[in-house]
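Reading through the structure tokens given below for one structure.
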Ligand code: NBY
């Protein structure tokens, strides 16, 4: 056994500041101080919520110490930092993770002698400021940026209401508002002194300045104030922090604005309410755009605040804006912040009177853009009249950017007007739109996809014309996940076992997990491995029972699909398999199958009818199957409501099988696939997104592959796909569809699921019918493999051992080296 002493308590020879204030004695004093001074509670009457606050504040104090100590390093003249612009961040509860990253979990436990730290950690409401993978990825990257000591800020929106809470009533999803701020948020610090004023609407005017130059000014019809709230994020066993700076909209109080509401008190109040609307609520759509004015205002609001903040910092450090791109690189997390391209141009040209060419050069050197989707319905475009009415000056700037860009294109491809129409930032094929992806492309020096396959498709399917123009601009950075939260924090049992085997440096050097390969065949190690998985499953079984009333057997195969509900992710293909097993058990009362627990979790966009119907179908099948004595408890189906980061942390460690079954070519990367495999689940999956690379890493023999490849899918569609043929040619599949249509799962209602089955038989955009038989057969192999405990465990160990590549540390290093050209801080002496 190797051991690495720095894991829990900083070693005696660790840098001074990482040692002080971390002992159990000092932590205890800090908890009590904060309980008294900040929470204002006598020890005797303190309730768990008070303790949570006191502990969290004490932890925040220690993070702030690191933040302040870094001030000079951060502000040194040659330091370049990355601004990660994202409309979404899904950090998950902070306390447990911060304790882990500071290396003081055990000391805090000792300081609380006898009290239940886990109870306090469990009280924290998570900031649900994102929809899914994209928001969670941003949070993983902040963890890695801090851990690897890169200078960075995450800029986003402090939504008052994050992603809705999901309840299930009568099998249907019901949404309620997420009130994450109600109990207060101890992690954030309001910074009113760095507030920014943002203009919206109105018109533009031209004028001649004192030097006789032709200039434009924007006369808005509204202004709002953006107030930043800062949450420092500490790195793992690092003296480094990054900042998550989220903007909240407030009314402009002192702004002497037009005279229409002078003396009009109620008008002024209305104005206030109006302003605050901007950061009120997160749009709960993933992969489906909602062309609402308020959404565009949100995007512009946080982007304008963030760009102005960067300009402020640049000038405060004594630099001129000529060097803006040397001080900041800005990563656009999808196109949601793409308006930043036009906003930086506006600032440089209109406000700082820079010549266009110079400003454009700086802008192009500043931005890079990450694409997260190929789905056409998810590509952002704004109707031109709407765009112009919210951002009149930006529309002019976009036109000018486009004019100059298309002039260049014309000289390279003379006469190719079709190409020009495809490249144009303005879609003029019918009703006119501003294409945000084209704006992001034109305004960035680099664009990247999020998995190798996806990055290829970005070049060949999504932006072939841009690729023709400048292939060097295209890169791949395969996504990664933080092993701190998703293994160290959420799977302490497995973490201890791994520590005991290979030492504990793997948590910040995930490639070292490879050393586990040597133990994959070790009988004793396998025993421990299985015992921990069973403990994790038993814990999840209790949570399932408490939250849904369903009793599941922890020794059954835990077959898990947790992610947003979407047709392309094919939760309903999973359901077709469940019904297949059900049908077999009904036909043959003595059939032996591997006992399974099917677990689903995920939210549907509130306006996405088909996704909601899929949730209803899962619950309907669950009700029928779980009750039916003919099933003999061999299969259980559970829909765990309100899937979020907190629940995910309980689910991943308990998974045996990870369902990654999207139609090939549709899932950009996936990150849940990585988290599940990192916790020892085997994957059943298609060759889509990062599944391809996961399979490459873990070895084909440790991965259950099925289904069409993306080339085969394309060919099938091109040749004229007829889903009905598959159904009629496969009696078992036909039986499954007929069973749904019979009303068996819907109290005799034969119409309820008809839209779903009809779609599968008539259109089947996501090729479920074509992939059904390969999937069901592959699942049979899974069931069979699970019966060989030793072999399964060996595959599980090898999956974990080979997950090193999928650390967000690797991904962030790639961004830093290849895109941002960023250097980490040197550690304190
Ligand atoms: O980004 C996801 C991809 O589907 C997944 O494959 C990938 O691993 C992950 C990280 O790269 N995309 C995603 O989560 N997208 C959204 O949440 C989202 C949110 C809002 C909007 C669009 C997409 N929107 O248009 O408002």
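In region 319-448, the inverse of the mean reciprocal separation of distinct Cα atoms equals 15.2 Å; this is its Kirkwood hydrodynamic radius.
A Förster radius of 56 Å combined with the Cβ-Cβ distance from residue 555 to residue 193 puts the calculated FRET efficiency at roughly 0.45. Diffusion coefficient of region 464-570 by Stokes-Einstein, Kirkwood radius over Cα pairs, 10 °C, 1.306 mPa s: 90 µm²/s. When both region 340-379 and region 448-472 are represented by their alpha-carbon centers, they are found 20 Å apart.
Packing, taken as the mean count of other beta carbons within 10 Å per residue, orders the peptides 37-47, 621-631 from highest to lowest as 621-631, 37-47. Quote the relative contact order of region 483-806 in percent (integer), defining contacts as alpha-carbon pairs under 8 Å separated by 6+ residues. Relative CO of region 483-806 lands at 23 percent.
When the scattering of region 152-211 is computed by the Debye formula from its Cα atoms alone, each counted once and equally, what is log10 I(q)/I(0) at q = 0.22, 0.29 Å⁻¹? Results for region 152-211 at q = 0.22, 0.29 Å⁻¹ read -1.08, -1.26. With all projection directions averaged, the alpha carbon convex hull of region 328-404 covers 5.7 nm². Region 698-731 and region 556-613 have Cα centres spaced 19 Å apart.
Expressed to the nearest 5 percent, the antiparallel share of DSSP beta bridges inside the chain is 45 percent. Computed from label points 7 Å out along Cα-Cβ, the spacing between residue 352 and residue 49 is 4.7 nm. For region 667-706, the residues whose amide N sits under 16 Å from a probe point set 7 Å from the Cα of residue 715 along the beta carbon direction are 687. Taking all Cα-Cα distances within region 483-806, those exceeding 29 Å account for 35%.
Were the residues from residue 25 through residue 527 laid out at 0.36 nm apart, the gain over their Cα-Cα distance would be 176.9 nm.
Put in order of Cβ neighbour count within 10 Å, fewest first, the listed residues 645, 82 become 645, 82. In the frame of its principal axes, region 213-255 has Cα extents of 53, 31, 13 Å, reported largest first.
Its convex hull of Cα atoms gives region 591-687 a direction-averaged projected area, equal to a quarter of the hull surface, of 7.5 nm².
With neighbour counts taken as other beta-carbon atoms within 10 Å, the residues 163, 311 rank, fewest first, as 311, 163. In the chain, the calculated helix contribution to ellipticity at 222 nm averages -13000 deg cm²/dmol per residue, counting -39,500 (n - 2.57) for every DSSP H run with n ≥ 4. Hydrodynamic estimate: the Kirkwood radius of region 476-523 over Cα pairs, inserted into Stokes-Einstein at 10 °C and 1.306 mPa s, corresponds to D of 137 µm²/s.
Every Cα-Cα pair in the chain was counted, and those over 42 Å apart are 34% of them. With the simple model of a label 7 Å out from the Cα in the direction of the Cβ, residue 627 to residue 468 spans 6.0 nm. Can you give the log10 of the normalised intensity I(q)/I(0) at q = 0.13, 0.15, 0.17, 0.21 Å⁻¹, computed with Debye over equal Cα scatterers of region 103-246? With one equal scatterer per Cα and no solvent, log10 I(q)/I(0) is -0.86, -1.03, -1.17, -1.34.
What the Cα convex hull of region 340-381 gives, in volume per residue, is 80 Å³.
In units of the compact-protein estimate 2.2 N^0.38 Å, region 516-579 shows a Cα radius of gyration of 1.48. Taking all Cα-Cα distances within region 174-299, those exceeding 20 Å account for 63%.
Take the Cβ atoms of residue 123 and residue 583, set R0 to 45 Å, and the FRET efficiency comes out at 0.50. Going by neighbour counts of Cβ atoms within 10 Å, the residues 205, 110 line up, fewest first, as 205, 110.
The residue 174 and residue 411 beta-carbon pair, evaluated with R₀ = 51 Å, returns a calculated FRET efficiency of approximately 0.35.
Read the figures in this text as sums done on the coordinates, not as results from a lab. Keep in mind the model is a prediction, meaning the values are calculated, not measured. Methodologically, a virtual Cβ is constructed for each residue, glycine included, from the backbone with ideal geometry; neighbour enumeration extends over all protein chains shown.
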